[in-house]
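These notes are about the structure you will find just below.
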Amino acid sequence: MPTGLRFRAISKTFVTETRKVQALNDVSGEMMPGKITGLVGPDGAGKTTLVRVLAGLLDADSGDVSLSEKGSTARIAYMPQKFGLYEDLSVAENMTLYADLNGLNPDLRNQRFAELNRFTGLGPFQHRLAGNLSGGMKQKLGLACTLIVAPDILLLDEPSVGVDPVSRRELWSMVRALQGTGIAVLWTTAYLDEADGCDQVILLYEGAVLDHGAPGDISAQVAQRTWRVVLPGAETMRKRDVQRAAMALPGVVDAQIKGRNLRIVMAEDGVAPPTSLSNLAALRQFTPTPTPPQFEDAYLAAMRKKNLVASSAAPTLAVDERGTAAAQDIVIETQDLSKRFGTFTAVDRFSFAVRRGEIFGLLGPNGAGKSTTFKMLCGLVPPSSGSALVAGFDLATARADARGRIGYMAQKFAYVAHLSVAQNMEFAGGVYGLSGEGLKTRARAVAIEFGLTPFLDQNCGELPLGIKQRMALACAVMHKPDILFLDEPTSGVDPVTRRDFWSRLNAMADDGTTILITSHFLDEAEYCDRMSIIYRGRQIAAGSPDDIKSAQNGAEGTLEEAFIRLIEAHDRAEPDTRADAA
Amino acid sequence: MSVTANQGSWRWREALGRILFLVRREFLTIWRDKRIRSVLILPPIIQLFLFSYAATFEVNHVPLAVFNEDMSLESRDLVAKFTASPTFTDTARITSMHEGQDLIERGRVLMLLRVPANFAHVLKSGGTPTVQVIVDGRQSNTALIALGYVGSIIEDYSRERAQSLGQKLPTPVLVQRAWFNANMISQWFIVPGIVASLTMIVATIITALSIAREKELGTFEQLLVTPLRPYEILIGKVVPAVVLALGEGLVLALMGIWFFGVPLRGDVAIIVLGLVVFLVSVTSCGLMISALTSTQQQAQIAAFCFIMPCVILSGFTTPIENMPGWVQAITYLNPLRYVLVINRGVFLQDMPLLVALNQVWPMALIGLATGTGAILLFRRRVF
Amino acid sequence: MSQINRQRLVGFVHKEWLQVVRDPSSIIVAVVLPLFLLFVLGYGVSLDAKHLPLAVVIETAAPEAHDFYAALQAGDYLVPRIVASRPEAADLLRAGQVKGIAILADDFGLTSNGAAPIQVLVNGTDGNTARLMQGYVQGAWAAWRAHRQHTNPTLQTPSIAVQSRVWFNETVDSHKSIIPGLIAVIMTLIGALLTALVIAREWERGTMEALLTTPLTKAELIIGKLVPYFVLGMGGMTVSVTVALALFDIGFRGSLIVLLIAASSFMMTVLGFGLMVSTLTRNQFVASIMAITGTMMPALMLSGFIFDIRSMPVVVQVVSAIVPARYFVEILKTLFLAGNVWSVIVPNTFALMAMATLFLAITFRKTRRKLS
C-alpha cells in the first residue's frame, strides 16, 4: 500500500558556541505517494535540517512526522547531500556494503544489482574506485546505494549539486522513472529551475515556509507581471549592460537575459514596463510583450514582497582608475597549456587569451579540467608543458610577482573557521602588502561595500553561506587585484544572492578588473563576455555566448541546450574509452 | 646604486610585513579555537607534575621479607638495621624459603633477606657469616640499587659492631658525596628534561599537523595564491610554534623551580638561547613532516615516529652512555639530546655560555639542514 | 539493546577490511612501525651503566693505593684514570668527562687507628648513574678489603658476607626487564594510532551520515571498527614478540596461550581507547593531539616500563592505574622472565578487561544513531 509522509509544525533550534540559530520554524507539509515533492530554497534555508528530521536522524524540538496512511509501514530511504560513498572502494564494493547493511537477501543481490546498473548506467564501471568517478556518476552510484532495497519514501538532499547539466538531466529522468511504483520522493534543491520538474513544491526561506503548492500555481501568482523583450542582434551591446540598465528601470523587480530575450518581472500586476532604456543607444525604444511566468520569477517577487532582500541595484566598488585606453591589453594568455598526472591528461594543449576588463568563463562538466587550468594560472600547479602569461608575468619564472596581482576565490570556502570576518579581511589585505591606516581604511570601505559591517566580529565559520561567499569575495579584492579568479563562486547560492554577486562582478569589470570564472550554471554564463567550453581536458568550443549558441542550435535556444549538444556530439565522436573491462 | 639598495630593503620590508600578518593569523587560529587551545596547553602542565613525581630512580619502601633462622641478639640487630632504613619496608616475616619464593614471584616483596641459623655463632667466633639476599630482577634497576643499599647497611652494621667492641678499623672507610645535587633528588634531573620534551611535542604537533589540516580544509591553497613565498610561509609557521612552545617551556621551568625547588644556578638567558635554537630545529623537522604528508593521519603517524625516538634516545630517561655505539651515533641527529645537556647544565651546574655553545651549534646545524630540506620539499610538493 | 545481525556485521567488517588493505598506512602502522621502534629503542634503552669513567687522585705514596686502583679496574663497570690534582679532576667532573672522583689522601693506607677515609665524589646531576656509581665503588672497595684481609690475617675484623642472587634476571641485564615493557609501550601507541582517527574520519568525510540511514546498529558499528584493527594489532604484537625473542636474548618462561589471552585483552583496551577518543572528538586534528599526548608520554612514564611504580608517590600510583600499559608491562615482564604466575597475570588481565569494557562502554554510550 503506497503511503506518503506528513509533517506538522516542525521547529528546530541549534545552539553554537556563541549564538542560537533557529533552523526550522513551524514547518508543515506532505509528501504524496507517486509524486515528486520539491523542497526548494537557498543554502541555509533549513532544507537539510528538515530532511534529516524526516529521515529520523535528527530530533525536532517540536512537531511530528507521520505516515499519511495510518497503520501502514514504510521503508524510508535517505540520500545525504554528500552521499557517503567510500572513495577507496569500488562501485561494486560500495553497492555490496549497502546491500548488506540494508539486509538485502544475498540470493537476490545479483538480480537487483543488474536492475540498478541498467538504471544508472554504471554497469561498465563496476570495478572503478568511487573516488575516480565524475560528480554525476557519484550521485548515480549514491542513488543506486540508496535504492538497493526498494523504498516507499525517498528523501534526496540536493542530489544535483556538483553535477553537470548532462548528468543532471539523467538523474531527473531516473527519479521520474521511479514514480510509477508509487514511491513518494522529496527532492531538495537550491536551483529554482528544478522546481518546475516537481509535482508540488515547498518553498523554504530562513527556516520558514514561504509558499507551497504546484509549481505552476506558484508561478501563476506573477502571471500578470512577466514581460519579454526580444533583443536586437547588436554586436556592440553587452548583455550585462542591458541587464543592469533594465534593473534600474522604475517598477522592475528583476531583469534577466535568457538567450536572445530580456525577461522583466514587474512589482505590480498588469503594469507594463517602460519602453525605453535611455542610456543604451541600441535599446532606445522597444516593445515588451507578456510572457509566461517561470518559477524563479515568483520566487523573486515573493522575496521582494516580503522585503526579505534589498533591491540589488549594482553597487560600485571603488577600484583604481585604470585607463580605458588599455582596454585591449591581453592580461591572460596561455599557449598550449597542458597538465598530465601520470598517464592521465587533465588539460590538453589549451590556448586562450583574456583582455583587460573582460569577464571570461571557463565552462565544462566536473572533471573536465577547469580547476586544473585554474590552478595552473594561479601558480598552484606547474604546467607539464605550454606557457601561461598572467598580468604580464611568465608563471614559469615570476610566480610570486604574478600572484601579487591576482585575487583568488576558491570553490570551497577556505578560511579558518575560528577567525572573525574582520581578522580574515585584515589578513587578506596584509599579505598583499597593505598595512596600518591604509589597511584599516580599505577594510572599512570593503566591509561597507559588501554589507559585511554587521558581521565583522563574528567567526566566519558560523556565517550563513551567502555571507560567507560575500566575505570570500571581499577578501579576494582587498588588495584591488588586476585579475580575479573565481572558481565556482555561486554554486549552492540562491538566485537573489547570485544576482547581487554578478552585479558586483560587473561593476568591477567595468572598472578594468579582469575576471576569470568557472561555473556550471549555464544561465549565468550568459553574462560572460567570452567563454571557453572544455571537456575531458580539451577546449571544444570558444567565443561569446551567442557565437556558441548559434553554432549549435541558433540563437534562440539556451546555452544549456547548446552545451548538452556539444558534449553529446563530442561523446559520439570520441566515446569514453576509460570504462573498465568488466 | 643606492636605488637598488633601497629597493632591496623595500622588498625585505614587504616580506617582513607579509610574514607578520601570517604569524598573527597563526596565533589567532590556535588561540580562538577553544578545543585546540585546551589540548595544547593543559596537558603539558598536568604532565609536568605527574611525570616529575613518576620519573624517579630513587628506591624507597622496597617491600622486604625477612627469614630469620637465628633468633639471636645479633641477627635481630641486623634485621632492625634493614627495617629501620627508609629504603626497605618490613612487609613479611616468613618461616620457609618456599613462602619467600611465593612472595617474590607474586611481586608482594621485592627482596628476601635470609639470616642463617649460625649467624651469631660464626660472628662471635670471629668468622664471617653469610647472609643470603634474593632480589626480584624483573625491574633490573631497582634490583641493582637495592643490592647497593644492602651492601652499605651490612657495612654500617659491621663497622658499628667493631667500634662497640673497641676494635680498630684497619681499612680506610669510604666516604661518598654527590656534587651538584647532594641528595640526588630525581626531580632536579628530570624537570629540565620534561621541560624540553613537552615543548618539543607541542612545537612538533603545531607545525606538522597544522599544515596537513590546512591542506585538508583547503585554506592552504588560499595561502599559496598570495604573494607569500614558500620560505615566508614556513617562517610564518615556525615563529608562532616557537614562541608558543618557548612560553610554555618557560612556564614549566618556573613551575619546576617553585614547586620542585630545582635550583637555577646558571644564566637563564642561556636556557632561552638553547630552547630557541632547539625549537627552531624541531619545528623545521615538523615542517619537513608536513611537506612530506598530505593528510592529518599521515602527519600524525610521522610526527609520532619523530617524537617517540627523539624522546627516548635523548638521555631524558636513560643515559646515552648506556646505549650501544651505533645508537649513540644516531643520537647525534637528535636535537633533544643537546638541549637536555644545556638545561641540566645551566640549572644544576652553572654551565658557562662557551660550554653551552658546544651544544647549540649542532642543533643549529640540524635546524638549518631540515629547514632547507623543508623549503626544497615544499617547493616541489606545492608547485 | 543493540542487536547484531550477521549479514550487516560481516558486510561492515568486510568494508573496513578493504579500506585497511587499500590504504597501506594502517599496515605500516601495525607491522612496520613496531618493528622499527622495537629495534631502535630496544637497543637504545638501557639502564646498564657500564664503563663509567672515574678520575682517581692519588696523593699518597703508599703502595696500597695502587692495589685499590687495581680493584677499581676489575670488572667492566668502572674505567678509572689517574689525574694529577683535585682541581683537574673537578674540571673533568664538571665537563662531564668523568662521572666521579676518588681521592686517596696522603695519609691513606695507614694501618694504625684512624685511617683516612677514601673520598668519593659523584656527579649528582643524574641521580641514577650517581647511585649506581656509588654502588660500584662500594663493591670495588669491599672486594679490595676482602683481598687485604685474605692476604694479611692480622687485619682480620668481624665482617659479614652477602650472598646475593637476583631471580628472573641473574645477570641484572636491564634489557630483560625493559624489552617486555617496551613491547607494551609500543603496542599502546600503535593501538591508539590505529583507531584514534577511524570514527572521526567517517564524520569528517560525511560517510557517517549515510551509515546512519542504514539499519546498522551501534554494536555492529563498534564491533565492525574493532575487528579489522584487532587483527592488525595482534599481527603487530606477534611480530614484536617474535622479534624481541630473536634479537634480544631474553627467553620466555610463560605459556603462549596465556600471552595470547592477556595480549588480546590489552589490544581491546588500547583500541577501545582510540575509538573512544575518536567518538568523543569527531575531529581528526583534536583526536590526533589527544591520542599522542594521551598515550605516548603516560605510557613511557607511568607504566613501570622504566620507572618503578612502587617508588612513585601514592597520588601518582593512583593516576597510573588508568594507564593500560601499566598492567600489560607487569604481565609481559612476568611471562617473559618468571613464568605463569597466576597471582600476577590474573588480576592484571582482569584490570585490562575492565578497562576495555569501560572504554568500549563509553564509546557505545557516546555513539549516536542521530546527528546533533
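The values are calculated or read from the model by the stated rules, or taken from the named source; none is laboratory data. Since the structure is predicted, the reported quantities are computational estimates derived from the model, not experimental observations. FYI the Cβ positions are ideal-geometry reconstructions off the backbone, even for glycines, and counts take in every protein chain you see. Heads up: the accessible areas ignore ligands, DNA and RNA and are worked out on the full protein's heavy atoms, side chains in. Shrake-Rupley method; radii C 1.70, N 1.55, O 1.52, S 1.80 Å.
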Q: Please give the helix C:284-302 orientation as an angle from the longest Cα principal axis of chain C, in degrees from 0 to 90, rounded to the nearest 10.
A: 30
Q | Sequence-distant aspartates and glutamates (8 or more away, or on other chains) whose Cα lies within less than 18 Å of B:LYS124 | A | B:GLU69, B:ASP70, B:GLU74, B:ASP77, B:GLU155, B:ASP156, B:GLU160
Q: Collect residues whose amide H, placed 1.01 Å from N in the peptide plane, falls under 5 Å from the amide H of B:THR89; neighbours closer than 5 in sequence don't count.
A: B:VAL62, B:LEU64
Q.
I want the local charge near A:GLY216. Using Cβ-Cβ distances under 11 Å, sum +1 for each Lys or Arg and -1 for each Asp or Glu among the other residues.
A. -3
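Sorted by accessible area (1.4 Å probe), largest first, how do C:VAL231, A:VAL446 line up? Walk me through the intermediate numbers first.
Values: C:VAL231 80, A:VAL446 0 Å².
Order by accessible area, largest first: C:VAL231, A:VAL446.
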Q: Assign unit charges at the C-beta atoms only (+1 for Lys and Arg, -1 for Asp and Glu), then state the dipole size of the protein assembly as shown relative to its Cα centre in Debye, rounded to the nearest 20.
A: 280
Q: Could you pull out every one of the aspartates and glutamates with an alpha carbon less than 17 Å from that of A:LYS549, ignoring same-chain neighbours closer than 8 positions?
A: A:GLU235, A:ASP523, A:GLU524, A:GLU526, A:ASP529, A:GLU560, A:GLU561, A:GLU568
Q) Carbon-plus-sulfur fraction of the accessible area of the protein assembly as shown, 1.4 Å probe, in percent? A) 57
Q) Dipole of the range A:406-481, Cα-centred, from +1 at each Lys and Arg C-beta and -1 at each Asp and Glu C-beta, to the nearest 20 debye? A) 180
**Q.** Residues whose placed amide H lies under 5 Å from that of B:LEU174, excluding near-sequence neighbours
**A.** C:ILE118
**Q.** Most positive-pole-ward Cα, C:PRO24, C:ALA161, C:VAL198, against dipole of chain C from beta carbon charges
**A.** C:VAL198
Q: Starting with the highest mean, order B:110-121, A:526-537 by the number of other Cβ atoms within 10 Å, averaged over the residues of each peptide.
A: A:526-537, B:110-121
(Q) Buried accessible area between A and B (1.4 Å probe, both chains summed, ligands and nucleic acids excluded), in Å² to the nearest 100? (A) 2700
Q. Which residues of the range C:344-372 end up with at least 50 Å² less accessible area in the presence of all protein chains than when their chain stands alone, using a 1.4 Å probe?
A. C:LYS370, C:LEU371
Q | Viscosity 1.306 mPa s, temperature 10 °C, Stokes-Einstein D of the range C:52-155 from Kirkwood C-alpha radius, µm²/s | A | 113
(Q) Counting only other residues whose beta carbon sits under 10 Å from that of C:LYS225, what net charge do I get with K and R as +1, D and E as -1? (A) -3
Q: Enumerate the helices in chain A for which the Kyte-Doolittle hydropathy averages -1.0 or more and the C-alpha atoms extend at least 30 Å along the helix's axis, using complete DSSP H runs.
A: none
Q. Can you list the lysines whose alpha carbon sits under 16 Å from that of A:LYS440, skipping same-chain ones fewer than 8 residues off?
A. A:LYS480
Q. Under DSSP H, which helices of chain B have Cα atoms covering 20 Å or more of the helix axis and a Kyte-Doolittle average no less than -0.5?
A. B:2-32, B:34-54, B:140-164, B:186-217, B:230-260, B:268-292, B:296-312, B:335-349, B:353-382
Q. Which cross-chain or sequence-distant (5 or more) residues have an amide H under 5 Å from the amide H of B:TRP179, H modelled 1.01 Å from N in plane?
A. C:VAL122, C:ASN123, C:GLY124
Q | Length added when fully stretched, A:ASP329-A:LEU456, from 0.36 nm per residue minus Cα-Cα | A | 42.0 nm
Q: Report, for the protein assembly as shown, the % of DSSP beta bridges that are antiparallel, rounded to 5.
A: 45
Q) How many percent of DSSP beta bridges within the range B:62-164 run antiparallel, rounded to 5? A) 30
Q) At q = 0.08 Å⁻¹, what log₁₀ I(q)/I(0) does a Debye calculation on the Cα points of the protein assembly as shown give, no solvent, two decimals? A) -1.01
(Q) So, for the protein assembly as shown, what is the accessible surface per residue at a probe of 1.4 Å, expressed in square angstrom? (A) 38
Q) What is the average number of partner chain Cβ atoms found within 10 Å of a Cβ in B:223-234? A) 5
